[in-house]
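Taking it in order: structure first as structure tokens, then the write-up.
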Amino acid sequence: MNIAMVIAGGKGVRMNQDIPKQFLNINDKPVIIYTLQAFQQHPEIDAILVVCIGGWQTILEAYAKQFNITKLKWIVEGGENGQGSIRNGVEELAKHCSPEDMVLIHDAIRPNLSQEIISNCIATCRVNGSAITVIPCAEAMLLRCGDGSQSEEIIDRDSLARTQTPQAFPLGKLIWAHQEALKRGITNSVATCTLMIELGEKVYFCAGSEKNVKITTTEDIEIFKALLMAKKDEWMK
């Protein structure tokens, strides 16, 4: 079984909005629904779990019913940070699923997820045991030094990968990783890929896209709106 774990536990403080950014309406549809529809429409995704910010679970259930997200099986509350939220989701899946099941962890605020990215992620994880969606680093990269306002060192951009989501692993591997992290006192790793590397694991890449934008600021909303306008009409129906 392939399960999408959508992380929607953040408060979105950088957006300066009262409504969490994953629940902001874009063209009369909440951001999180665009994300859930991508997994709903993919034939290889069997079930969806959402890690939801506290107090919004009932609203999420109502939206899922309105937009016919039938694959949504579980909703759990977010944790103290991103790692804690993912751990909550992993612990819930451990009650219902097999360790061999594949889990695709994805940010709710990456709503422009393509079917091709999901397929590539599943295929890569199936072969290699992990799949981290990445894109190349196209910009010149400089290392901050001093007070952070200057640089004297170039970083080879060809040696860098910019990570996105989804990030896929077998459920059993995720259970182990989060248990091991607690034993080692690792409590605030930035993402699942960084947690695995902190635990000494190797991860494998799959292709992402510049269009797989993460909505963090109001500028990102404008980018997402432009991407929606550029899509085929059937996406908007």
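The values are calculated or read from the model by the stated rules, or taken from the named source; none is laboratory data. What you see is a predicted model; the values in this text were computed from it and never measured. So basically every Cβ, Gly included, is an ideal-geometry build from the backbone, and we count neighbours across all protein chains shown. The protein model used for the area step is the full one, side chains on, heavy atoms only, and it has no ligands, DNA or RNA in it. Shrake-Rupley method; radii C 1.70, N 1.55, O 1.52, S 1.80 Å.
Here are a few things to note about the model shown:
- Selected residue [touching a helix residue (DSSP H, G or I) at 6+ places or on another chain (Cβ under 7 Å), surrounded by 14 or more Cβ atoms within 10 Å (Cβ to Cβ), charged (D, E, K, R) and not in a helix (DSSP H, G or I)] from Arg87, Arg110: Arg110
- Ser209 meets all of the listed conditions (1) closer than 18 Å to Ala131 by Cβ; (2) at pLDDT below 95 but one, namely (2).
- Only listed residue being out of contact with any Phe, Trp or Tyr (no Cβ under 6 Å at 6 or more places or on another chain), at pLDDT 95 or above and of a type in the set (Lys, Arg), chosen from Lys183, Lys237: Lys183
- Only a single item in (1) open to solvent by 20 Å² or more (accessible area, probe 1.4 Å); (2) more than 21 Å from Gly200 (Cα to Cα); (3) touching a residue at least 12 places away in the same chain (Cβ under 8 Å); (4) not polar (S, T, N, Q) is not met by Lys95, and it is number (3).
- Filter result for Lys73 (among the charged types (D, E, K, R) and free of Cβ contacts under 8 Å to residues at least 24 places away in the same chain): no
- Only residues that are among the hydroxyl-bearing types (Ser, Thr, Tyr) and either over 19 Å from Ile221 (Cβ atoms) or out of contact with any helix residue (DSSP H, G or I) (no Cβ under 9 Å at 6 or more places or on another chain) (or both) were counted in region 32-64, giving 1.
Matching residues to (1) under 30 Å from Lys183 (Cβ atoms); (2) open to solvent by 70 Å² or more (accessible area, probe 1.4 Å); (3) of a type in the set (A, V, I, L, M, F, W, C); (4) out of contact with any Leu (no Cβ under 7 Å at 6 or more places or on another chain):
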| position | (1), (2), (3), (4) |
| --- | --- |
| Gln37 | no, no, no, yes |
| Asp46 | no, yes, no, yes |
| Thr70 | no, yes, no, yes |
| Gly79 | yes, no, no, yes |
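- Complete set of residues in region 172-191 that are closer than 22 Å to Leu113 by Cα and either surrounded by fewer than 16 Cβ atoms within 10 Å (Cβ to Cβ) or in contact with a helix residue (DSSP H, G or I) (Cβ under 6 Å, 6 or more places away or on another chain) (or both): Val190
- Residue match in region 128-142 (condition: among the charged types (D, E, K, R) and modelled with pLDDT of 95 or more): no
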